[in-house]
Structure formats: structure tokens, C-alpha cells
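See below for the structure under consideration.
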Amino acid sequence: MSHRYLNRREFLKVAALLGGTAILAACAPKAAPTTPPKKEEAAPPVAKATAPPKVEEAAGELEIFSWWTSGGEVEALNAVYEIFSAAYPKVTIENAALAGGQGQGGNMKALLETRMMGGEPPDSFQVHLGRELIDSHVIADRMEPLDWLYAEEGWYDVFPEDVVDIASYEGKPYSVPVNIHRSNVMWYRPSRLAEVGVTEPPATWDDFFVVAADLKVAGIPAMAIAEQGGGGGFCGHVLENILVSVMGPAKYRGLFDGSTAWDDEVVTKSLEIMDRILDYANRDYLSTSWGDINDRFVSDDGPAMMVMGDWTHGVLMSKGFKDYHWTTAPGTAGLFMVLSDSFGLPKNAPHRNNAVAFLRIIGSKDGQDAFNPIKGSIPARTDGDRSKYDEYLNEAMDDFGTDEGVPSIQHGAAVKQSFLVDYDIGLADLAANHDVAKAQRMLVEAAKVADLGE
Ligand code: GAL
């Protein structure tokens with residue numbers, strides 16, 4: 001069977017949620033902005049660099065920013081670079097990958113900001129689709145629209161309409177999605193659960209706490225947590241999954257359009273669950289980094305479960321680890337918490353022709369089918385070659401086609417970066433002080449400062 005991506009009705013459901021969360025102002029009204037330009041109207045705005053550079057002419061550098069430095073991520077990016085280098089052997093790739101900092105790509109985002117403000121952008125950079133792309137870069141008028149490239153490459157036909165929508169502002173896409181990642185996965189070690197006689201992973205948070213109590217008696221941390229650094233975003237990731245499990249998708253979306261208040265009792269309940277989970281986490285979670293936790297997870301005395309996105313599959317595969325399986329995060333069956341990594345074209349990219357050539361590969365079938373099976377994500381294109389994807393990824397493709405989509409907070413889809421930074425600080429405070437009321441006040445204030453729902 002070929003790909004089972006969202007059918008049109010399901011797309012619209014996701015579109016509604018994305019529009020409803022104000023992921024993108026331009027995708028709410030459905031007239032012109034969401035309609036891909038007809039091919040004959042889609043003349044490129046500038047003549048330069050619309051055609052792929054001739055191989056013998058392409059030379060110089062190509063500087064690419066990302067925060068991909070871990071196992072799986074590095075190999076996946078390299079697979080794309082190999083395709084690029086085979087096509088353009090005279091171009092030197094400067095892989096400016098920078099890990100660390102607050103949340104995802106904190107250090108990279110800070111350096112990017114400095115370079116963009118100083119008029120010295122890299123040629124292209126990793127950016128999450130949704131509010132992160134639009135609020136941080138497009139509204140600031142620092143990106144080139146890519147409608148002409150989408151038209152030339154036929155991407156309006158192979159990327160789901162709603163993926164194009166969240167890449168777009170005022171009707172034009174501004175980046176090229178390389179994947180779809182899923183946030184609401186719980187990775188677990190069957191051998192660790194078996195130590196307390198458990199054969200099926202818990203499906204709800206209530207079930208989780210029953211299993212967690214038994215694990216605690218056996219001296220096994222139930223949940224892997226890595227909250228080093230006062231705002232790294234690990235608990236922020238777990239909380240987005242708790243929020244949607246406690247309040248359901250409609251109320252969850254309401255957190256971003258103002259219809260669900262951050263001081264609502266459903267948020268209190270979610271924070272209480274988060275706080276309780278910490279009692280069953282690896283004890284050193286405040287000094288464990290996002291990178292370290294994967295080593296802990298695979299160690300003999302590692303935690304039994306970890307709620308994390310499916311890049312974890314890429315990381316665990318790269319370690320050659322086999323003792324793990326997956327299920328949806330507790331209480332999120334039937335939901336697909338979505339995020340997408342993409343690359344865009346900054347205005348005044350120093351090696352613009354090379355950047356455009358790179359984007360063509362990022363969006364191509366070959367590029368996506370080389371990148372995603374290693375990264376642990378599914379292609380953003382609907383025509384990926386399923387035989388290249390393993391059991392987990394084929395399941396993820398099926399689920400993306402049938403489940404209800406909800407946008408990730410922690411990974412740039414649902415909220416702007418400024419809110420995310422404050423949200424992560426609130427969660428870090430909870431992790432350190434176990435004061436639910438204070439953490440909730442911090443989230444309420446963060447939503448106010450960020451004008452969520454305005
Ligand atoms: C996400 C990103 C993934 C992966 C992950 C690791 O934000 O979308 O591709 O890099 O961070 O922290």
C-alpha cells in the first residue's frame with residue numbers, strides 16, 4: 001500500500017487546529033493565501049538562481065546552521081550533504097552545527113540572531129515550521145519567499161496542503177520542510193518493565209503511577225528526565241504531552257488562541273502530574289542534560305520509560321541499542337503531536353545559488369528518503385518510499401494519516417519563541433522547587449507577556 005497521509009478531510013481538521021492556534025495568520029482565512037499559485041502564474045520574482053546551478057559553475061561555500069550534533073541527527077544531515085556533494089563537488093559545505101543552550105537549538109538560535117541582525121546570515125538554517133519560522137524570521141522580513149521554488153519543484157503537489165500552510169505567510173511559503181517529527185511518543189524498555197512483571201506499557205497517567213510505584217520499590221527510575229540548565233525544555237516537552245492528555249485536543253489548542261486560560265484548573269492538574277512524575281524520575285535529573293539522558297536510558301541501570309520525540313529513535317538506532325519499544329505518550333492515543341524541521345533562504349544569503357541548490361535537495365524525494373530513515377522522522381512529502389522506512393516509521397506514517405494532529409509547544413509549531421523561553425523557565429522552576437502554584441503563575445505571566453491569543 002502506498003503512503004497513507006492525511007486525507008483531505010483530515011488535513012482540514014489539522015488546518016483548522018493550526019489556524020485556530022494562530023500558528024499562522026495567513027492560513028486562517030482560506031481564500032488566496034492557502035491556494036497554491038497556478039503553475040503558469042508562478043513566475044519567479046527574480047530571474048537569478050531559479051534554475052539549478054550548472055555543476056561545473058557551482059563553486060564556493062555553503063554554510064548551513066543547525067543544532068544537529070547528536071547520534072542519528074549527524075548521520076541524517078550527512079546523508080543529505082553527500083547527495084549535495086555528489087551533485088556539486090566543487091562546493092565546500094560549512095556544517096555550522098551548534099548544540100546546547102536553552103530549549104532546542106538555544107545557542108544556534110542566539111548566534112543566528114546575531115548574524116541575521118548584523119546582516120551576515122548563513123546560507124540556510126534549520127528552523128521549525130510554524131510560529132518559530134514566522135514570528136522569529138518572516139515577520140521580521142529577513143527571509144525570501146519560496147513560492148517560485150515550490151512551483152518549479154512541484155512541491156505544491158507533494159507536500160500536504162497544511163504543511164505548506166504552516167510554512168506560509170501571506171500566501172507564500174518561506175521554508176522547505178524536510179520531515180515530520182512526532183512529539184507524543186513514550187519509549188520504554190521491555191526488560192526494565194519485566195523486572196516488575198509488567199508486559200504492557202501504561203496507557204494513562206493513572207496506570208503510569210501504579211507501575212512507577214512498583215519500579216520505585218525495585219530501585220528503577222520509571223521516567224527519564226533531563227532538566228539541567230534551568231530551562232532546557234525537557235520538562236516542557238513532557239508537559240505538552242500531559243496538557244493534551246488532561247484537557248483533550250480542543251482545549252489544548254485553546255491555550256494558544258486565548259480560549260483556554262493558562263490559569264485554568266486543567267493546567268493545574270497537568271502541572272501536578274508533571275510534579276508527581278519527578279518523584280519517579282532518575283534522581284539526578286537536575287544535573288542531567290538532554291544529551292546525557294540517552295546514555296542513561298541505554299545503560300544497564302537506566303530508567304524504564306521516556307516521553308520524547310521520535311528523534312530518540314534515531315539516537316537509539318545510532319547507538320545500536322535494541323532493548324526498546326514505543327507507544328503513544330500516556331493519554332494521547334489517537335493524537336499526533338506534530339513538529340517539522342525545515343530550511344529557509346535568508347535575504348542576502350552570501351552563496352545564494354548554492355543555498356537554492358541545497359533547498360532543492362532538502363525538498364526532493366531522494367533527499368528526504370536519505371535523511372528521514374536515519375533521523376527517526378517521516379518525510380514531509382507524501383511520496384516517500386516506504387520500503388526505506390522501518391517498522392516504527394511505517395507506523396508513524398500510518399498514524400499521521402489517521403490520527404488527529406496537534407501542534408507542539410516545545411518545538412516551535414504552536415507558539416512563538418519568546419513564550420517558549422518563559423514556559424521552559426517555568427517548568428525548570430517546577431523541577432527545582434516543586435511549587436505547582438508558582439509554576440502556573442509563571443506560565444500565566446508568560447502567556448500574557450507573549451500576547452498569546454492576541
Ligand atoms: C527538535 C528538532 C529535532 C531534534 C530535537 C532534538 O526540536 O525538531 O529534529 O533536533 O529537537 O532535541
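The values are calculated or read from the model by the stated rules, or taken from the named source; none is laboratory data. Note that the structure is predicted; figures quoted are calculated from it, not measured. Neighbour counts are summed over all protein chains in view; Cβ atoms, including those assigned to glycine, are modelled from backbone coordinates with ideal geometry. In case anyone asks, the SASA skips ligands and DNA or RNA and just uses the protein heavy atoms, side chains included. Shrake-Rupley method; radii C 1.70, N 1.55, O 1.52, S 1.80 Å.
Return the calculated 222 nm mean residue ellipticity for the chain, to the nearest 500 deg cm²/dmol, obtained by summing -39500 (n - 2.57) across DSSP H runs with n ≥ 4 and dividing by the residue count. The partial results should precede the final answer.
Working: 17 runs with 193 residues, N = 454.
Per the formula, -13000 deg cm²/dmol.
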- Message: Quick check: Cα centre of the range 385-446 to Cα centre of the range 143-180, how many Å?
- Response: 23 Å
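In square angstrom, what is the accessible area per residue of the range 133-178 with a 1.4 angstrom probe?
Values: 1300 Å² over 46 residues.
On a per-residue basis, 28 Å².
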- Message: Rounded to whole Å, give me the distance from the Cα center of the range 190-204 to that of the range 319-373.
- Response: 31 Å
- Can you list residues whose amide H is under 5 Å from T92's amide H, if they're 5+ apart or on another chain and H is modeled 1.01 Å from N? G60, E61, L62
- Message: For the range 241-326, place one equal point scatterer on every Cα, skip the solvent, and apply the Debye formula. What is log10 of I(q)/I(0) at q = 0.18, 0.19, 0.24 Å⁻¹?
- Response: -0.89, -0.93, -1.12
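Taking a probe of 1.4 Å, how large is the accessible area per residue of the range 234-302, in Å²?
Details: 2650 Å² over 69 residues.
Per residue, the range 234-302 has an accessible area of 38 Å².
Averaging sequence separations of C-alpha pairs under 8 Å and six or more residues apart, then dividing by the length of the range 93-207, give the relative contact order as a whole percent.
Details: 63 pairs, mean separation 18.1, N = 115.
Once divided by the residue count of the range 93-207, the mean separation gives 16 percent.
Given the pairs K347/K388; K322/K416; K109/K375; K375/K448; K269/K322, which span a C-alpha to C-alpha distance of over 25 angstrom in this model?
K347/K388; K322/K416; K375/K448; K269/K322
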- Query: From the square roots a ≥ b ≥ c of the eigenvalues of the alpha-carbon gyration tensor of the chain, which class results: rounded (a/c under 1.5), prolate (a/b over b/c), or oblate?
  - Reply: prolate
- Task: Sum up the charges of everything whose Cβ sits under 13 Å from the Cβ of Q102, counting Lys and Arg as +1 and Asp and Glu as -1, but leave Q102 out.
- Result: -3
- Task: Between beta-carbons, use under 9 Å as the cut-off and find the net charge around D429, counting Lys and Arg +1, Asp and Glu -1.
- Result: 0
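Quick check: from the Cα gyration tensor, does the range 270-388 come out rounded (a/c under 1.5), prolate or oblate?
Cα axes put the range 270-388 in the prolate bin.
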- Diffing the range 405-421: the Karplus 3J(HN,Hα) column from phi (6.51, -1.76, 1.60, θ = phi - 60°), in whole Hz with x for Gly and Pro, holds x, 9, x, 6, 6, 5, 10, x, 6, 8, 9, 6, 4, 5, 5, 4, 4
- Task: Determine the relative contact order of the chain: mean sequence separation of Cα pairs under 8 Å and six or more apart, normalised by residue count, in whole percent.
- Result: 29 percent
- Message: Students often check this: by mean Cβ neighbours within 10 Å, which of 431-438, 113-120, 276-283 ranks highest, and how do the rest follow?
- Response: 276-283, 431-438, 113-120
- Message: Can you list residues from other chains, or at least 5 along the same chain, whose modelled amide H is less than 5 Å from the amide H of F125?
- Response: F65, G344
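To check you understand DSSP bridge types, tell me what percent of the beta bridges within the chain (both residues inside) are antiparallel, rounded to 5.
Values: 19 of 34 bridges.
Restricted to the chain, the bridges split so that about 55 percent are antiparallel.
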- Message: As I understand it, the dipole of the chain uses +1 on the Cβ of Lys and Arg and -1 on the Cβ of Asp and Glu, about the Cα centre. Which of G309, S70, S342 lies farthest toward its positive end?
- Response: S342
- Note on the structure: Quick note, the range 343-453: a/c under 1.5 would make it rounded; otherwise a/b > b/c is prolate and the rest oblate (a ≥ b ≥ c, C-alpha gyration tensor); here it is oblate
- So what's the angle, to the nearest 10 degrees on a 0 to 90 scale, between helix 391-402 and the longest Cα principal axis of the chain? 80 degrees
- Query: If you average the sequence gap of Cα pairs under 8 Å that are 6 or more apart and divide by the length of the range 247-353, what percent do you get for the contact order?
  - Reply: 11 percent
- Item | Relative packing of peptides 293-306, 224-237, 320-333, 373-386 - highest average C-beta neighbours within 10 Å first | 224-237, 373-386, 293-306, 320-333
- Sequence-distant or interchain residues sharing an amide H contact under 5 Å with M143, placed H: which? K347
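Sort the following peptides by mean Cβ neighbour count (other Cβ atoms within 10 Å, averaged over residues), highest first: 411-422, 208-219. Walk me through the intermediate numbers first.
Details: 411-422: 23.7, 208-219: 15.9.
Sorting 411-422, 208-219 by mean packing, highest first, produces 411-422, 208-219.
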